[in-house]
Each structure stands twice: as C-alpha cells, then as structure tokens.
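Novice: The structure is given below, and queries will be raised subsequently.
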Amino acid sequence: MMRKKDIDELITEVLQSVHWPEDAARVLAASSHVITYVKGSSIFHAGEPADLLYVLLSGEAKIYYTSPSGERLLVDIACARQALGRLPLPGDDEDAVQGFSAEALSCCSVALITRTRVASMASTLPLKAIGRMAHHQVGEWARLSERALVYLTMDVRGRLGMAIDDISSRFGIADARGTLIPLRLSHEDFGELIGASRPMVSKHLKELADGGVFYKAGGRYVLARREALHARGHERPEPEVQPRPARPRRAQRAVSLHVVHST
C-alpha cells in the first residue's frame, strides 16, 4: 500500500501534467480521498454531474463513448498517472456533466477531489493558467471524439488494426518476439474497443494469429509484426457469393375462352 506522502506526490505530478501550477496541485493532492474500484466496476457515467476530479493512481480504466441510442464504444484505455473525465474548471456551468464513461479494466486506485476544492483553488490562479487547463481539456475531448468518429467510419478490420497498434504503442513492452502487451484483454474487450461483435472480432484475431502478426502466448498478446498489422495481404479472401440461378417460371395455364355465338 502506498504511503499518503507518495500518493500526494503522484497526484501532484498528474495535476501538473494537465497544467495545474505545482503549489496549487499540492494543496489539492492533500485534500484527496482514495477509492479502490474492482475490475468491471463503474468509476463514472456519461451524463452524471462533473463534480469530482478523478486521478487514476494505479491500474487501467476503459473510457466509453455512449451514443444517443445507448450503444457504447470503447474509445480509450487510460493508464496509471492520468486524470480522468471532465476537469472541473472556473466558469463551468453548474449543470456540467461527464461526456464519457469510465470503467475499471483492472483493480484501480483512484484519487477523488471535490469540485468545491478545485473551484476554490482555481479562483486563486491567473487567467493564463486557467486558459492552459481549459485548452488541455478541450484537446482531450477532441482526441476522444475524433477517435470515436474514426472508429465509426472504418471497417472492422481497420478499426482492429488501429486499436492494436495504439494499445501496443502505449502499453507494450519490448520482447524477443516483438511487443508484449501486459494488459489482459478478452475478445469482448476488443469488441467493445472497435464496436464489433465478439464472433467478428474472433474471426479477425484468428486471421492475425494465423499470419503470425498478432497472437496470444501465456495469457498475453504479442504483436510480432507491426508493419503487417494494417496490411490486408495475410487475410483470407472472402468467399465470393455466386448469384442463385433464376428459377424457371411455371408454365401459365392455358385459358380457354368459350365464345357462345348467338343464332
């Protein structure tokens, strides 16, 4: 278990990374409260009040976009030492809400700081500092929104390649076989990440594994051939659908017209 001093130091570093001045970050860190979220539990939902500042201290969290119809699309996997969700800022509407949802991918420790504390501290900062924080916030929302849009406009195979490339770049560890991904990801996780069904994801993952591009070993995935990840040459061609032969039309019954001639 981390000591309070170490936790405060970690929170301070994270807040500085989103442009909080060091002195203000240390004051906020001292007022934080740490909660542990078990795997699969919700950290926050889209649409709920943005009245807390979340700092992910350990573990990984899935970030979801929720469509108006209620369909979820996994747009990011957050790692330790990262701020989550909408950051409460001066001038925010009292009814400001979270734009995305966060769920624990593994057991997570998250530091929570109330909006009241954040607003009180932010009110002492110069406008230039607040502007930098707001710019970072807008940039992060734009990044997640752009990812959701890209995923929605690509085919399943393209989205899967993009997701694997991104995860391996952010979480991967150099390995004799290529890049080892330490996260425990299921086919369902990949399905949520790219907005596809599990059977469709399983089909494409099998093709990647058969081609020696991306495969599972010892419970972890290995990206062996990054340069081939976006190539389509290793894919098996889809079977061509032959048109069905036209059915012969039934012979029309002859209709006899009996004309009665008047005499």
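Novice: Can you give the net charge of the other residues whose Cβ lies under 14 Å from the Cβ of LEU125, counting K and R as +1 and D and E as -1? Could the numbers behind the result be given before it?
Specialist: Working: positive: ARG26, ARG117, LYS128, ARG132; negative: GLU22, ASP23.
Net charge in that neighbourhood comes out at +2.
Novice: Of TRP20, TRP141, how do they rank once you tally other Cβ atoms within 10 Å and put the fewest first?
Specialist: Details: TRP20 29, TRP141 13.
Starting with the residue having the fewest Cβ neighbours, the order is TRP141, TRP20.
Novice: Over what distance in Å are the Cα centres of region 128-168 and region 1-65 separated?
Specialist: With region 128-168 and region 1-65 each reduced to a Cα centre, they are spaced 20 Å.
Novice: So what's the net charge close to GLN16: Lys and Arg +1, Asp and Glu -1, counting the other residues with Cβ under 15 Å from its Cβ? All intermediate terms of the calculation are to be shown ahead of the outcome.
Specialist: Working: positive: ARG26, ARG81, ARG132; negative: ASP8, GLU9, GLU13, GLU22, ASP23.
Around GLN16, the charge tally is -2.
Novice: Pick from SER202, SER67, SER17: which residue has the top mean-square fluctuation in a GNM of the chain where Cα pairs under 10 Å get a spring?
Specialist: Greatest mean-square fluctuation among the candidates belongs to SER67.
Novice: Please arrange SER101, SER123 by how many other C-beta atoms lie within 10 Å of their C-beta, fewest to most. Please report the intermediate quantities before stating the final value.
Specialist: Values: SER101 22, SER123 9.
Fewest-to-most Cβ neighbours within 10 Å comes out as SER123, SER101.
Novice: Further, regarding this structure: Can you give me the distance in nm between label points at THR153 and ASP6, each placed 7 Å from the Cα along the Cα-to-Cβ direction?
Specialist: The modelled label-to-label distance comes out at 4.6 nm.
Novice: Along its three principal axes, how long is the chain when you only count alpha carbons? Whole Å, largest extent first please.
Specialist: 116, 61, 32
Novice: Just give me a number: lysine pairs in the chain, eight or more positions apart or cross-chain, with C-alpha atoms less than 28 Å apart.
Specialist: 13
Novice: Another one. Please state the Cα pair-distance histogram of region 4-153 with 10 angstrom bins from zero: what percent is in each bin?
Specialist: Bins of 10 Å from zero give 11, 42, 36, 10, 1 percent of pairs.
Novice: Where does the chain land at 222 nm, in deg cm²/dmol rounded to the nearest 500, when only DSSP H runs of n ≥ 4 count, each adding -39500 (n - 2.57), divided by all residues?
Specialist: Numbers: 7 runs with 95 residues, N = 263.
So the helix-based figure for the chain works out to -11500 deg cm²/dmol.
Novice: Continuing with the same structure: For region 156-228, what Kirkwood radius comes out of the mean inverse Cα-Cα distance, in Å?
Specialist: Details: mean 1/r = 0.0830 Å⁻¹.
Value: 12.0 Å, from the Cα pair sum.
Read-outs: derived from the displayed coordinates by stated rules, not from any lab. These numbers were taken from a predicted model, which means no experiment stands behind them. Because the Cβ atoms are built from the backbone with ideal geometry, glycine has one as well, and the counts that use them run over all protein chains shown.
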